[in-house]
Structure formats: C-alpha cells, structure tokens
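Remarks on the structure that follows.
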Amino acid sequence: MSIDRRGFLKGVGSTLVAGALPVSVVELAFAKSSENFTFAYISDSHIQHIKGDKFVRNWDRGLIRAVAETNLMVPKPDFVMFGGDLAQLGTKPELDHGMEMLSALNYKIYGVLGEHDYYLDLGEHWEKVFGHPQWYSFDHKGVHFVVLNSILTFDDWTHNRWESAERRMNEMAGLDNPNGSPFMVGEKQRAWLKKDLSRVSRDTPVVVFSHSPLQKIYKGWNFWTDDADEIQALLKPFDTVNVIYGHVHQIQYNQIGNISFNAVMATAWPWPYPSSYAQAESHLAKLTVPMNRADPFFERDATGWQFIDLHTGRVDLRYNLYNNQNRVVAFNQKTGRPEDQGFQDPAARVAPQTHY
Ligand SMILES: [Fe+2]
Ligand SMILES: [Fe+2]
C-alpha cells in the first residue's frame, strides 16, 4: 500500500464517521500513468417530483448526502461521474432539482444518460443541464474514458407506439413492464465508438461508462443491452478494459475476456436480484456473490458507496454498505477475474440477515 493510498483511506475513514453514503470513489493508479488520481461516482438518484416545489424527500436526501461526502474526500477527486437516472420521470423540475443538488459539488461533473432521464424528451433537457452530448469520450492522465448512451431502443417503439411522451416515459420507467423495450447502444453510436477507439493505443487503459450493463444478464428487467456483444467486440483489442455501470442498483461483477464489469450502488434504493425475486434465470450469478440483504425495500439496506482501485488497470471495488455487511470485490491476477475477498468461496457465504 502506498503512502498516497494510506492517506486516501484515512480520508475515507474520517468521512465514514459522518455516515456511510452512496458515493463511489474511484482511484486510478496505473503503472504506466505518470500520476495517480481518483474520481468519485454517484448514481441512480431518481429525483421524483410530487408537485410545486415538493420532491420525494428520501431520494433527495440520498443525493444530498452523497454530494456532501464527495466534497469531503481527501485527496480530492479529479472529477465526479454521475451514472444516470438523475430523474424519476425525466421532467424539467426533476432534472433541474437534481442538477441543483449536484452543482454543490466542488468538482467537474460528467453524466451518463439513464432511461429515467431520457424517455420524456429524448435527452434534450438532460443535455442542457449537463452541458455535453449524450455520448462522448475524454482522456485524463493516461486513461481513455468513454461514456455511452446505452438505453436507446427501436425507433418504432420510441416514435410510433405511444400517444404521448409522458406515456412513453411511464412505460419505460417500470422495471418489469412487458410494454418496455430492450436497451441498445445502436448502430450510429457503435460506428462513433469504433472511430473513437481507433485513435487509442492498445495498451492504454480504457474505462467505459454505460447506464445499463454492456453484458446480457436479465432481459425482463433490462439488466441487459441488446448489442452488448458488438460493443464487447469493439473493446476486445485493448489490453485492459473496465466497464462501470449503474441502473441495476446492486453489486454485480463479471469478467468476459479482457473486460471487467462492475456495477455501482444507487443513492435511492436497491433492486432485488432477478434470480431471487422473479425466479428468473441469471447469467451473472455464477460469478457474482449476491448481497446478503433480506429486504430490498428496507430504506437504506444495500445502498452505500464504494471506492474503486484500478491498479495495473484492473478494478478493485470496496463496497461500504450503509446498513449491510461491507464487501470487497477485487481483481484476482491469478484467476483473471473479479472475486469477492470474503465470500467468493461457496462455503464462506452467509445467509441473508433479517430485519424483523
Ligand atoms: Fe436506476
Ligand atoms: Fe436505469
């Protein structure tokens, strides 16, 4: 552990006294990078307008506390990524109110589009409040960052099916609504990605942010991106690729070839695992050790924050769960995949806790 890292942990520890909160801090420490740095990651706040100046208080509190925590980080993060679903139903009051809270951050903010931000006006107001396009890339201290809009769907569903934009938004906002439609990045954006990556050397660490997983987990809840295979193929030539995503509001991790996948927590609420809740097949659970929570709708159960090390370009996540057992999911160089440091061995897993 470097001195820098120790200082970083000390900073995290001091903020923990104030309460463990739903913010991710990502530390990048690449061997080839001249300068280590950190960035913070906050996701899925689902700011929900009631009427007038009233918003759902619990969702507000999750975001306000994450912002306050991020401002206290030592060392300071270089920037903050917001992982999508800032709004619940994509309205101007929700996006404006969400950004009003985010703008209390002392750092530059980048955004990822979530379906809850998008399907009312197709991202128009979101672009205004974040001040950048729906997909883009940037380089920072030797790392290539790519942000994708992964929540697009078929043109026919988007443009021809619904009598109003509000109805379209409501249909896409339901997690298990059969009237929804599969997410995809789409041909236009894939062509852009191919061109963007053609300028990046193979040994440059690549970090991709998406809202939905760029892997196929469970289509029924859109824990899924329809053209994930095509995106993975574009990322295949690079030595080290990390995909970090929101949307699923839970711990998930996976390794597909050269690509490590990690999900982050939400500030609003946790989702259950499809395999346990809907008895649905999961293609992820073989590697992912689920969180041991008993009640997915317990107010702060399984919300939390984590920081992420990318030593040698691979991802180690330390999940600090507000009302649950802390977890560490780290990349194991020997097995070449992320593994839970305490519970990966089936014999070491613990039964779900009870709150009642
Ligand atoms: Fe979400
Ligand atoms: Fe989402």
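The values are calculated or read from the model by the stated rules, or taken from the named source; none is laboratory data. Nothing here was measured: the structure is a model prediction, and the numbers come from that model. Here the Cβ positions follow ideal geometry from the backbone for every residue, glycine too, while neighbour counts run over all protein chains shown.
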- Message: Cβ contacts < 8 Å: first residue within 24 Å of Q250 (Cβ to Cβ), restricted to segment 42-57; second residue of a type in the set (D, E, K, R) and not in a helix (DSSP H, G or I), any location; separation 6+ or different chain. Result?
- Response: S43/D85; D44/D85; S45/D85; H46/D85
- P290: modelled with pLDDT of 70 or more, within 16 Å of ligand 1 (Cβ to nearest atom), part of a loop (DSSP other than H, G, I, E, B) and not hydroxyl-bearing (S, T, Y), yes or no? no
- Options I244, I231, I251; residue that is part of a loop (DSSP other than H, G, I, E, B) and buried (at least 19 other Cβ atoms within 10 Å of the Cβ): I251
- Message: So, in segment 250-266, how many residues would count as being modelled with pLDDT under 90 and touching a Pro at 6+ places or on another chain (Cβ under 6 Å)?
- Response: 2
- Note on the structure: Result of the Cβ filter at 8 Å on segment 217-230, keeping first residues that are farther than 17 Å from G174 by Cα and partners that are of a type in the set (F, W, Y), at least 6 apart or interchain, is I217/F223; I217/W224; D226/F183
- Task: Mind listing just one residue for me: the one in segment 139-156 that is within 16 Å of G123 (Cα to Cα) and in contact with a helix residue (DSSP H, G or I) (Cβ under 9 Å, 6 or more places away or on another chain) and, of those, surrounded by the most Cβ atoms within 10 Å (Cβ to Cβ)?
- Result: S150
- Note on the structure: In the set I231, I244, the lone residue that is away from ligand 1 (no atom under 16 Å from the Cβ), more than 19 Å from Q344 (Cα to Cα), among the hydrophobic types (A, V, I, L, M, F, W, C) and at pLDDT 90 or above is I231
- Query: Which members of segment 25-52 meet the condition of being surrounded by fewer than 18 Cβ atoms within 10 Å (Cβ to Cβ), assigned to a loop (DSSP other than H, G, I, E, B) and at pLDDT 95 or above?
  - Reply: G52
- Message: Please verify whether S212 is within 16 Å of ligand 1 (Cβ to nearest atom) and hydroxyl-bearing (S, T, Y), treating the condition exactly as stated.
- Response: yes
- Is at least one residue of segment 72-89 over 19 Å from the mean Cα position of the chain (by Cα), more than 16 Å from ligand 1 (Cβ to nearest atom) and not in a loop (DSSP other than H, G, I, E, B)? no
- Criterion violated by S260 - all others in (1) of a type in the set (S, T, Y); (2) crowded, with 17+ Cβ neighbours inside 10 Å; (3) without any contact (Cβ under 8 Å) to a residue 40 or more places away in the chain; (4) away from ligand 2 (no atom under 16 Å from the Cβ) satisfied: (3)
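Per-residue answers, yes or no, for (1) away from ligand 2 (no atom under 12 Å from the Cβ); (2) touching a Cys at 6+ places or on another chain (Cβ under 8 Å); (3) under 20 Å from I151 (Cα atoms):
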{"position": "G84", "(1), (2), (3)": "no, no, yes"}
{"position": "A87", "(1), (2), (3)": "no, no, yes"}
{"position": "T91", "(1), (2), (3)": "yes, no, yes"}
{"position": "E94", "(1), (2), (3)": "yes, no, yes"}
{"position": "E100", "(1), (2), (3)": "yes, no, no"}
{"position": "A104", "(1), (2), (3)": "yes, no, no"}
{"position": "L113", "(1), (2), (3)": "no, no, yes"}
{"position": "L122", "(1), (2), (3)": "yes, no, yes"}
{"position": "H125", "(1), (2), (3)": "yes, no, yes"}
- Query: What residue, among those in segment 307-352 that are among the β-branched types (V, I, T) and at pLDDT 75 or above, is farthest from the chain's Cα centre (by Cα)?
  - Reply: T335
- Message: Looking at L120, L63 in this structure, which one is among the aliphatic types (A, V, I, L, M) and within 22 Å of S164 (Cβ to Cβ)?
- Response: L120
- Taking segment 188-214 on its own, how many of its residues are modelled with pLDDT under 95, in a loop (DSSP other than H, G, I, E, B) and buried (at least 16 other Cβ atoms within 10 Å of the Cβ)? 2
- Residues in segment 217-228 that are more than 15 Å from ligand 2 (Cβ to nearest atom) and in a helix (DSSP H, G or I): how many? 1
- Checking V129, V147 in turn, the sole residue that is away from ligand 1 (no atom under 16 Å from the Cβ), in contact (Cβ under 8 Å) with a residue 24 or more places away in the chain and out of contact with any Asp or Glu (no Cβ under 9 Å at 6 or more places or on another chain) turns out to be V147
